Amino acid sequence: MSFDPAPSFDIDVVLARGQLEFPVRVAGGGGITALVGPSGQGKTSTLDAVAGLLRPLSGHIAVGGTVLFDAARGIDLPPERRAAGYVFQDLRLFPHLSVADNLLFGWRQAAPERRTLALDEVAGFLDIAPLLARRPHTLSGGEAQRVAIGRALLSGPRFLLMDEPLTALDPARREGVIALIARIRDAFALPVLLVSHQQDEVARLADAVVEI
Amino acid sequence: MLLSAQEWGVVALSAKVSGVAILGVLPLAFALAFALARGRFRGRVLLDALVHLPLVLPPVVIGWMLLVAFAPAGPIGAWLWRLFGVTLLFRWTGAALAAAIMALPLMVRAIRLSLEAVDPRLEQAARTLGAGPWATFWRVTLPLCAPGIVAGAVLGFARSLGEFGATITFVSNIPGETQTLPLAIYAALQVPGSDATVLRLAGVAVLLSVLALVASELLARRQGGKGAHVL
């Protein structure tokens, strides 16, 4: 296993959701950092803030030494310049595009030097090669999940954000996705920030667990 | 249904007037729909009301307003004449302008509905995948609402074909120049013994309108699935 020796996720922010304010502090090492805790405590908001979809009230966010947000220094990179591989809980595959075009959506936007993976490689790795010509609405939950992961990987991310990657899956599929996330960490050396409320399952997977 | 050469001329002129009207006004309709669906600005309600004005005003009032504005001495008419040497008055281009204005509210409504049906979470996903606001618009927003845009255009085309009051007020009823389908039916009704002409032209009007409505409804359903309607 080759982990990034530098601290991966350095998050210290105050998030607003409605009238409530959540302070969130995460100091992850390399590998997989899991955010756990009861729902409604701002776990998904934290991922949104790291991806640039939610602006924190204050604080800073850095990943692998790159500052993505710093209220004091007036830094707030737009989402498209953060290189986050975000696997949403609701997946958000593009309904008007084939599986192949979904997978290549971020790849086509990426600068050539960030296109470190090829479609065939990722499709083989995730076992979705037979699905490439299909539309997202014809996929099973597990298939759609793997396509969403593949789309994030192909966009040339510097880190991965995964929101409850196990909840939509039946128990048999969960084992497969857990193994897959471990393989992604080891094969691509990407820091992963993962949200889950299923303590036991993520505890096995994570290199660090942060309670929110 | 067999039409005389003159009647075919009326149908062809109607198609030209409506086609030019819709293609010309489509970008404006989209921009207005986008501003109303997504914009958060002062005066949004006022803009909304203004866009809907042709739907609720008597068409003859719209025609009169156009006449005042585009007459040779009018504010826009004088300017057009001085700069380009053109006038819209009593021209088929004027008929197209009247048709475009009368079709605008329907088109804006259809396009706005389709824009509001685009899931903003998909646009967020596109942004995290490296697409900037423009790329997101071209690759996600526009393709997702394209059926609604086409539906709005078809609906607007049907509305344009039927445009009467604003047209006859603004550009009069000149055979071969501004005499579109409804105006030709009106003219024929003034002449005793032209029942057959009226019947044939009315038949064409019904046929074209029904086809356009069915087409736009099918397109809207193709986009939104459940609950998506133009009508």
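The values are calculated or read from the model by the stated rules, or taken from the named source; none is laboratory data. Note that this is a predicted model, so its numbers are computed, not measured. Note that each Cβ is placed from the backbone with ideal geometry, even for glycine, and that neighbours are counted across all protein chains shown. Just the protein is used for accessible areas: all its heavy atoms, side chains included, with ligands, DNA and RNA removed. Shrake-Rupley method; radii C 1.70, N 1.55, O 1.52, S 1.80 Å.
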Exercise. Among B:F164, B:F34, B:I22, pick out the residue whose Cα is farthest towards the positive end of the charge dipole of the protein assembly as shown, where Lys and Arg carry +1 and Asp and Glu carry -1 on C-beta, about the Cα centre.
Key: B:F164
Self-check item: Where A meets B: accessible area buried, both sides, 1.4 Å probe, Å²
Solution: 1700 Å²
Quiz prompt | Accessible area per residue in Å² at 1.4 Å probe, computed on chain A | solution = 43 Å²
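Which whole-number percentage describes the relative contact order of segment A:1-112, with Cα contacts under 8 Å and a sequence gap of 6 or more? Please report the intermediate quantities before stating the final value.
Values: 143 pairs, mean separation 25.3, N = 112.
Over segment A:1-112, the number comes to 23 percent.
Roughly how many Å² is the accessible area per residue of segment B:5-224, as a whole number, for a 1.4 Å probe?
Values: 10660 Å² over 220 residues.
Per residue, segment B:5-224 has 48 Å² of solvent-accessible surface.
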Quiz item: Please identify the trypsin sites (Lys or Arg not before Pro) of segment A:1-110 that satisfy two criteria: DSSP loop assignment and at most 15 other Cβ atoms within 10 Å. Which are they?
Solution: A:R73
Self-check item: Counting DSSP beta bridges with both ends in the protein assembly as shown, the antiparallel % (nearest 5)
Solution: 55 percent
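Can you tell me the equivalent ellipsoid semi-axes for chain B? Use √(5λ) from the Cα gyration tensor, largest first, whole Å. Walk me through the numbers before you get to the answer.
On the way: eigenvalues 249, 105, 39 Å².
For chain B, the semi-axes come out at 35, 23, 14 Å.
At 222 nm, what value in deg cm²/dmol follows for the protein assembly as shown if DSSP H runs of at least 4 each add -39500 (n - 2.57) and the sum is divided by all its residues, to the nearest 500?
Working: 17 runs with 240 residues, N = 443.
Computed mean residue ellipticity for the protein assembly as shown: -17500 deg cm²/dmol.
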Self-check item: segment A:108-212: projected area of the alpha-carbon convex hull, averaged over directions, in nm²
Solution: 7.3 nm²
Exercise. Report in % the part of the accessible area of chain B that belongs to carbon and sulfur, leaving out ligands and nucleic acids; probe 1.4 Å.
Key: 72 percent
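Can you tell me the equivalent ellipsoid semi-axes for the protein assembly as shown? Use √(5λ) from the Cα gyration tensor, largest first, whole Å. Present the calculation step by step, with values, prior to reporting the outcome.
On the way: eigenvalues 673, 116, 60 Å².
Equivalent-ellipsoid dimensions as semi-axes: 58, 24, 17 Å.
List every DSSP H helix in chain B whose Cα atoms extend 27 Å or more along the helix's own long axis and whose mean Kyte-Doolittle hydropathy is at least -0.5. Could you put the intermediate results ahead of the total?
Numbers: long enough: B:5-38 (48 Å, 1.45); B:92-116 (35 Å, 1.27); B:142-161 (28 Å, 1.54); B:195-224 (43 Å, 1.17).
Qualifying helices, which must be both long enough and hydrophobic enough, are B:5-38, B:92-116, B:142-161, B:195-224.
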Quiz item: With contacts defined as alpha carbon pairs under 8 Å and 6 or more residues apart, what's the relative contact order of chain A in percent?
Solution: 30 percent
Self-check item: Quotient of Cα Rg and 2.2 N^0.38 Å for segment A:19-106, N being how many residues it contains
Solution: 1.22
Practice problem: Can you tell me the alpha carbon radius of gyration of segment B:101-231 divided by the globular rule-of-thumb value 2.2 N^0.38 Å? | Solution: 1.42
Exercise. Report the semi-axes of the equivalent ellipsoid for chain A in whole Å, largest first, where each axis is √(5λ) for an eigenvalue λ of the Cα gyration tensor.
Key: 27, 19, 17
Quiz item: Of all accessible surface on chain A at a 1.4 Å probe, what whole percent is carbon and sulfur?
Solution: 52 percent
Exercise. Specify the angular offset, from 0 to 90 degrees and rounded to the nearest 10, of the alpha carbon long axis of helix A:99-109 from the longest principal axis of the alpha carbons in chain A.
Key: 50 degrees
Quiz item: Do you know the relative contact order of chain B, to the nearest whole percent, from alpha carbon pairs under 8 angstrom that are 6+ apart?
Solution: 28 percent
Practice problem: Take chain A, connect every pair of alpha-carbon atoms lying under 10 Å apart with a spring to form a Gaussian network, then pick out the residue of A:P165, A:P56, A:P112 with the largest mean-square fluctuation. | Solution: A:P112
Practice problem: Kindly express, to the nearest 10 degrees and within the range 0 to 90, the angle between helix A:141-154's C-alpha long axis and the longest C-alpha principal axis of chain A. | Solution: 70 degrees
